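What follows is a set of notes on a single structure, which appears directly below.
The values are calculated or read from the model by the stated rules, or taken from the named source; none is laboratory data. Here the structure is a predicted model, which is why all the values come from computation and not from measurement. Neighbour counts run over all protein chains shown; Cβ positions are idealised from the backbone, glycine included.
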Amino acid sequence: MKRLRNILPVALLCILALSCRNTASDTDRRIERLLDGMTLQEKVGQMAQLTIEPFVIADGAGGFTLDTALLREAVVEYGVGSLLNVPLSESQPAEVWGPFIGELQRIATDETRLGIPLIYGVDQVHGGTYSLGSTLFPQQIALAATWNPAHARRMGEITAYEMRACNIPWNFAPILDLGADPRFPRQYEGFGEDPYLGSVLGRELVKGQEGDDNDVDHPEHVATCLKHFLGYSVPASGKDRTPANIPWNALMEYHLPAFREALDAGAHSVMVNSGIIDNEPVHASRRILTGLLRDELGFDGVVVTDYEDLEKLHARDHLAATSKEAVRIGINAGIDMAMIPIDYRGFCRDLCSLAEEGAVPMERIDEAVRRILKLKFELGLFERPNTLPADYPRYGCEEHRQASYAAAAEAITLLKNDGGLLPLDPAAGRRILVCGPNAQSRRALCGGWTVTWQGHGIERHPELCKTLAEAIGERFGRRNVEVIPGVSYDAHESRYDTERRDRFDEAAEAARRADVVVLCLGENSYCEKPGDLNDLALDPLQTKLAERIAATGKPVVLVLSEGRPRLISKFSAKIPAIVQSYLPGPQGADAVADVLTGKVNPSGKLPYTYPAFPNSLAVYYHKYADEQRNTDATYKYEGDYNPEFVFGHGLSYTAFAYSGAKLTHEGDEIVITADVTNTGLRDGQEVVQLYSRDLYASLIPDVKRLRRFEKIALKPGQTRTVEFRITTDDLAFHNLENERIAEPGEFLFEIGASSADIRATLPFKL
């Protein structure tokens with residue numbers, strides 16, 4: 001257990017938690033006594049999770065009241081054991097959350113026959129998604145760009161603390177879906193395209209929230225829920241919740257590692273992939289949910305559906321002829337808790353009937369309820385169903401906001417800097433034009449899951465987030481900065497992809513008067529299905545604005561704020577400096593401005609391949625055939641791996657030299673070292689990346705795979721030796737028989753600053 005801080009109320013809670021914690025055997029006995037005394041209806045109710053919205057009534061003044069009669073029907077009569085989401089579908093302060101959930105718990109513990117507490121879950125995916133005044137961090141894709149696991153750990157710690165301040169013990173995060181398709185609207189929620197990078201950061205995010213010992217009854221820890229098991233993020237169409245085709249060995253090789261690592265880290269629950277793999281909905285897949293997750297990986301925590309996904313087996317997929325049949329299929333496949341989220345009466349009726357008919361064995365129901373009760377006991381909810389906002393004085397504090405700023409600043413990735421245009425000296429008195437739709441958009445900095453599901457709510461809270469235009473004006477002097485959007489987003493809350501001209505010609509004329517143009521492009525906020533798109537290219541109006549601005553001949557700094565890499569190849573060659581900020585969160589504008597001035601030396605690296613063309617979407621670990629170049633006299637063609645920027649790429653205001661690379665091998669351990677020197681004039685950070693290449697294998701090998709990385713800080717002239725330790729097992733792969741094997745043969749290890757910028761190559765024979 002981590003060292004407790006000198007804050008008396010929290011310390012007292014810690015003591016209480018320790019004094020009340022039961023031994024495993026005591027807890028098991030209590031669970032079995034509860035199970036023995038529960039009716040079928042009470043058991044089935046525990047397996048139901050409802051959204052909170054139907055139980056709250058808006059008061060017309062921005063507040064709400066609780067429909068206690070309807071709630072009592074669900075919790076007392078039907079025994080519903082879990083609730084999720086946020087009242088009024090918009091972020092609430094801790095002072096509202098605490099007593100609100102407290103009243104829910106009072107009804108569950110005081111008015112039900114057995115007094116079983118509720119478990120409340122919320123998607124706090126980048127800090128306090130739905131907790132007003134809490135700390136919002138960069139989205140996970142930006143955390144991945146830091147290549148610094150410490151930021152993931154710290155976000156997890158702060159998120160857990162501030163969730164407990166809101167009386168919320170269960171977080172539907174982290175997101176461990178492999179971001180291998182840039183078209184996918186939820187790419188920004190994960191850690192990018194590489195399985196190893198996602199594994200490292202995912203583990204730290206779990207440990208940050210659950211603690212090193214996974215003692216989630218601790219008043220500063222919460223239970224995590226890994227999303228979305230398994231293979232969610234690569235549908236064939238690129239659109240959310242549409243079918244995917246993933247061979248089983250590819251599922252194991254690329255999609256499973258991050259989940260396996262997070263499960264090994266002790267994550268308490270798992271949410272299921274809403275999609276379809278090889279014509280089978282994952283919510284119906286006993287092979288994945290029981291065979292793989294339970295039997296092979298040994299997971300014994302709670303498996304929960306995503307939103308309304310059992311019903312989708314009937315209504316969307318036509319796999320089940322009735323809703324009742326859909327419940328049978330999903331529960332027997334391995335679902336423990338069903339996110340209904342509204343029709344609990346139908347779900348409870350159907351599952352009770354299925355149990356009475358023997359179509360769902362009572363053993364399966366008891367197994368599910370046992371896991372749910374165990375999670376509630378492990379969270380300490382039976383002894384302490386509530387945590388109080390007053391006991392968390394650091395909620396939304398400056399220390400936490402600075403942690404968010406540090407992550408945002410370290411994530412920002414300098415993609416291009418021709419002629420050393422950046423950094424810009426604020427003392428030079430340059431006339432700066434700031435334009436583009438993202439210049440004055442808070443949504444564009446924060447993304448979805450920010451105050452509201454689609455992220456539009458952040459615009460109602462300007463005190464939480466500066467715009468890029470505001471931060472740049474502060475750094476360079478408002479009299480030197482002119483802001484003309486040129487293009488703006490339409491003010492639709494539910495649509496992100498509608499844009500309009502907004503002083504377009506005026507922006508172009510202002511560019512001619514300016515010394516430097518900061519062009520702020522990218523995406524508006526979106527989340528899940530509403531974020532589907534038909535064209536990965538940047539919006540046509542944004543492209544026209546970029547071309548018009550570039551045609552002036554003035555130096556242009558392109559600042560991208562986007563949840564996925566939108567294509568910029570139509571004009572990127574004309575832009576001397578390009579900065580990728582991803583979705584840096586409320587502190588992101590300050591971080592970007594500090595990179596532009598040089599106060600922050602950029603150190604981010606791309607966690608994905610940035611494509612140049614709509615039909616060239618290969619990841620960096622593609623196959624050799626993706627790089628064919630005019631291979632014979634008959635067919636003149638090129639492969640599809642021709643990205644705008646490669647995986648792992650990112651520039652600095654200083655320079656780094658690599659030397660003295662060595663490899664030693666003893667037994668199964670391989671040790672690789674290299675010296676890295678800061679040869680420039682500024683302090684800087686470098687991400688040293690180690691790749692391996694399997695030259696020949698029985699199954700076509702990837703061209704390379706990331707095996708290790710380390711981010712180091714160096715002063716000018718300073719040298720540091722970086723050491724990587726791997727084993728021969730790291731060189732194994734899953735064959736067509738789903739055997740994980742390390743074949744004898746020739747390998748190359750590559751050390752470099754990106755997947756393409758290789759500074760040393762070391763041969764190895766296994």
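Just a few scattered comments:
Table: residues versus (1) in contact (Cβ under 8 Å) with a residue 40 or more places away in the chain; (2) out of contact with any helix residue (DSSP H, G or I) (no Cβ under 8 Å at 6 or more places or on another chain); (3) farther than 26 Å from MET163 by Cα.
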site: THR322; (1), (2), (3): no, no, yes
site: ILE340; (1), (2), (3): yes, no, no
site: ASP366; (1), (2), (3): yes, no, yes
site: ASP391; (1), (2), (3): yes, no, no
site: TYR405; (1), (2), (3): yes, no, no
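- Any hit, region 528-540, residues being small (Gly, Ala, Ser), crowded, with 21+ Cβ neighbours inside 10 Å and touching a strand residue (DSSP E or B) at 6+ places or on another chain (Cβ under 6 Å): no
- Conditions (1) surrounded by fewer than 24 Cβ atoms within 10 Å (Cβ to Cβ); (2) touching a strand residue (DSSP E or B) at 6+ places or on another chain (Cβ under 7 Å): number failed by ALA551: (2)
- Tabulated pairs, region 546-566, first farther than 20 Å from ARG431 by Cα, second among the small types (Gly, Ala, Ser), C-beta under 6 angstrom, 6+ apart or interchain: LEU560/GLY522; SER561/ALA444; SER561/GLY522; SER561/SER581; GLU562/GLY522; GLY563/GLY447
- Residue in region 287-307 that is assigned by TED's automatic domain parsing to the domain that holds LYS43 and over 30 Å from the mean Cα position of the chain (by Cα) present: no
- Output for region 26-61, where each listed residue is touching a strand residue (DSSP E or B) at 6+ places or on another chain (Cβ under 9 Å) and either of a type in the set (A, V, I, L, M, F, W, C) or within 16 Å of THR112 (Cα to Cα) (or both): GLN46, MET47, ALA48, LEU50, ILE52, PHE55, VAL56, ILE57, ALA58
- Across region 444-467, the number of residues qualifying as under 17 Å from the mean Cα position of the chain (by Cα) and not aromatic (Phe, Trp, Tyr) comes to 10.
- Of all the numbered requirements in (1) modelled with pLDDT of 95 or more; (2) of a type outside the set (Ser, Thr, Tyr); (3) farther than 20 Å from GLU686 by Cα; (4) surrounded by fewer than 17 Cβ atoms within 10 Å (Cβ to Cβ), ALA625 misses one, and that requirement is (1).
- Check on SER692, in contact with a Phe, Trp or Tyr (Cβ under 6 Å, 6 or more places away or on another chain) and of a type in the set (Ser, Thr, Tyr): yes
Rundown of residues vs (1) in contact (Cβ under 8 Å) with a residue 60 or more places away in the chain; (2) out of contact with any Lys or Arg (no Cβ under 8 Å at 6 or more places or on another chain), yes/no style:
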| site | (1), (2) |
| --- | --- |
| LYS207 | no, no |
| ASP213 | yes, yes |
| GLY231 | no, yes |
| ALA236 | no, yes |
| PRO243 | no, yes |
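- Taking region 189-227 as the range and being small (Gly, Ala, Ser) and either surrounded by fewer than 24 Cβ atoms within 10 Å (Cβ to Cβ) or part of a loop (DSSP other than H, G, I, E, B) (or both) as the test, the residues that pass are GLY190, GLY192, SER199, GLY211.
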